[in-house]
Amino acid sequence: MERTESENTQWLTPAEMRTWRAFVHLTVALMAEMDEALLEAHGLTEGEYGVLVHLSEADEHRLRMCDLASALRLSPSGLTRRIDGLAKRGYVSRTPSTCDRRAMLAVLTEEGMKKLEDAAPTHVASVRRSLIDHLDAGSLERMAEGIEKIQESRRRVGVERT
């Protein structure tokens, strides 16, 4: 008789379940707080802010749409919707790639860079208020080490992209 997936599952221990649930709850709360702060002060969602950040850090403030979607872990249609909203407000433009006629580039405009510069202090204050200010230097270091350990392990087994 074949074993079912349920019979083969290594269920979480109480400590593992506590860790997982705390992580999920904190992640959802942090993202909601970031979203709320950016929307209220700048009319940007956390996701839109992420697009502006990625483009601001790219060479010539431009990225192929497929690379930006991958970096943000969005589907092509999900990125298109996000870019559409930013383009309507003049923060991002689309331009065909000169290297690959099939590729479209997302380009951060001057207005988009200004919006990012205006929103960055709000974002940083929200990060501090929501996470950083609740931990001492040792706890921050241990947290960073733990997260980096998880990321490295995930990369080794081929789960996490860089």
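The values are calculated or read from the model by the stated rules, or taken from the named source; none is laboratory data. Keep in mind that what you see is a predicted model, and the values were worked out from it rather than measured. Glycine also receives a Cβ, built like all others from the backbone with ideal geometry; neighbour counts cover every protein chain displayed.
In the list 160, 141, 145, which residue meets the criterion of being in a loop (DSSP other than H, G, I, E, B) and not basic (Lys, Arg)?
Exactly one of 160, 141, 145 is in a loop (DSSP other than H, G, I, E, B) and not basic (Lys, Arg), namely 160.
Only residues that are among the hydroxyl-bearing types (Ser, Thr, Tyr), assigned to a helix (DSSP H, G or I) and without any contact (Cβ under 8 Å) to a residue 24 or more places away in the chain: list them for the range 33-88, please.
77, 80
Which numbered condition trips up residue 73, out of (1) modelled with pLDDT of 95 or more; (2) under 21 Å from residue 123 (Cα atoms)?
Just one mismatch for residue 73, condition (1).
Among the residues of the range 104-111, is there at least one that is without any contact (Cβ under 8 Å) to a residue 40 or more places away in the chain, out of contact with any strand residue (DSSP E or B) (no Cβ under 8 Å at 6 or more places or on another chain), part of a helix (DSSP H, G or I) and farther than 17 Å from residue 47 by Cα? Before you say what the answer is, go through the steps one by one.
Within the range 104-111, the first condition is being without any contact (Cβ under 8 Å) to a residue 40 or more places away in the chain, and the residues that meet it are 109-111.
Still in the list and also out of contact with any strand residue (DSSP E or B) (no Cβ under 8 Å at 6 or more places or on another chain): 110-111.
If we keep only those that are part of a helix (DSSP H, G or I) too, we end up with 110-111.
The next check asks that each one be farther than 17 Å from residue 47 by Cα; those that pass are 110-111.
Yes, the conditions are met somewhere in the range 104-111.
How about the range 96-140: which of its residues are among the hydrophobic types (A, V, I, L, M, F, W, C), surrounded by 13 or more Cβ atoms within 10 Å (Cβ to Cβ) and within 20 Å of residue 55 (Cα to Cα)?
Scanning the range 96-140 gives 103, 104, 105, 106, 107, 108, 113, 116, 119, 120.
State yes or no: is residue 46 of a type in the set (Asp, Glu) and closer than 28 Å to residue 76 by Cα?
On the way: of a type in the set (Asp, Glu): yes; closer than 28 Å to residue 76 by Cα: yes.
Considered against the rule, which asks whether it is of a type in the set (Asp, Glu) and closer than 28 Å to residue 76 by Cα, residue 46 comes out as yes.
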